[in-house]
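The values are calculated or read from the model by the stated rules, or taken from the named source; none is laboratory data. Values in this document were obtained by computation on a predicted structure and should not be read as measured data. We place every Cβ from the backbone using ideal geometry, glycine too, and count neighbours over all the protein chains shown. Side chains are part of the model used for accessible areas, which takes the heavy atoms of the whole protein and leaves out ligands, DNA and RNA. Shrake-Rupley method; radii C 1.70, N 1.55, O 1.52, S 1.80 Å.
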Amino acid sequence: MKKKTIWTIAIIMGMSFLALLFLQLEYIKEMARMKKEQFDESVKSSLSQASRNLELNETLRYLEKDINDHNKKSKNKNKKDSVMVAVNVDDGTSQQAHHFAQTSKSGGAYSSFEMKTSQLNPSNASKAIILFSDKNSLSQASKSMQEIVRNRYVYQKSLLDQIIMTILYSASEKPLKERVNFKQLDQDLKAELYSRGIKLPYHFTVHSQDGREVYRCPDYDEKGEDNFYEQELFPNDPGNQAGVIHIHFPDMDSYIYSSVKFIIPSIVFLVVLLVTFIFTIFVIFRQKKLSEIKNDFINNMTHELKTPISSISLAAQMLNDDSLSKSPSMLKHVSGVIADESKRLRFLVEKVLQMSMFEKQNAVFKKKELDLNEMLENAAHSFQLRVEHTGGKIDVDIEAIDSAIYVDEVHFTNMIFNLMDNAIKYRKPDHPLNIMLHTWNEKDRLFFSIEDDGVGIKKDNLKKIFEKFYRVHTGNVHDVKGFGLGLAYVKKIVDLHGGEIRVESEYGKGTKFIVSLPAITEE
């Protein structure tokens, strides 16, 4: 699959996941907003009803107080009712006259009325007379009852008028702290909130109109007080006599978002799917890159193996050609070519097998104590002719005093030779090559560096040179032989010996490899 196709699919799927995630978040936001509006409306309704209950309770309190006072005084001196009874002996009827008078505290009369009734004397009247009374007597009794009700209404109305005047001119002049029963207010608030499905803990304060705090609930908590609700108390009183209640809910946010918590698992699963998708795309690109690298490796390996195979094949043909004379010098030359090319072929195969072995963690080291200074001097001697052939030289700067290391001789020597071989491979064409070998100690570590003045490495390639099969692209020119395994092998050997390797390079000026190893010090 082409990289462009993979990118197209990845972008479409990624945008789809992000769109779904955005819609989920918007849905949660909208549900939370609706829940908040419902919560606000319920709290405002509860506060309004609690404020109204406060006024009703005050009115009831004054009403009960006034009635009790009035009844008490009426029993003592203000109740002046008289009853007069007159009996007519001739017709057996009796007449009663009731006189009522109710007075106020100031002495004024609420009402004054007289009720007159007449009835037959049951002992002197016959049953027929009792059953069939005069219609005029019934009409007179009905009118008397209506007058009683009317006068009672006037009385009750005057009583209520007095209570209202008392509330207007007496209650409103009292301090807010004396007018409000804060315990009852708290109970009313709780009852109203519970009736609307709000069972959250709350805290409230009561203030006067000028901002002075009159009351604060005992367990007041400042958490969440920035988002409060307020309601005016006694709103119909004069402005300076009214009060304001402030209420807030510390756990309001958790209450609002608790209604949408069932969506949270779906968002978590969606995020997991998005991360999995991103990881899958990353793996696909990585596998595609490895596939391209392996294809390059196969092409390069084929090119590398063809040379020694062709040389061996040509030498075999010369030996089988009867037309050629088989002189001792010619046989020695042909056998030498076969030996050299076979050795080269074996070396190339060994590199691949070694990396495969290290990849499977099957490598077994035969470590022993060696001298790093001596190993570098031997490597310099081995490569001296090849470097001098370019017109350059190898300099060795030995500064390390504690140069003993505990390593596998074969693999560690191959590691140094790989670095030296790279310096020669990537030299500047038609330019003398100079190599500097340097050793030194730093704390409990032993360092050595191999520096050349070759073509150098671009910054974009520095992070990739230790990857297996990676080679710096040189187009279609195969002037540098190899599989891209040399530096990967070097990095693996250094890591398995507990060391570290880093590279410093500037394109066009040269490269420097620095290796750090644990040194063996004498106690």
Considering residues that are within 18 Å of Asn441 (Cα to Cα) and exposed (fewer than 14 other Cβ atoms within 10 Å of the Cβ), the number found within the range 501-516 is 1
Here, helices (runs of 4 or more DSSP H) confined to the range 371-469 with at least 2 residues that are open to solvent by less than 20 Å² (accessible area, probe 1.4 Å) and closer than 18 Å to Val515 by Cβ are 372-389, 409-425
Conditions (1) under 20 Å from Glu37 (Cα atoms); (2) touching a residue at least 24 places away in the same chain (Cβ under 8 Å); (3) outside any helix (DSSP H, G or I) -> Asp226 fails only (2)
Out of (1) modelled with pLDDT under 80; (2) surrounded by 11 or more Cβ atoms within 10 Å (Cβ to Cβ); (3) in a helix (DSSP H, G or I), the one Ile267 does not meet is (1)
Return yes or no: is Leu54 modelled with pLDDT under 85 and surrounded by 14 or more Cβ atoms within 10 Å (Cβ to Cβ)? yes
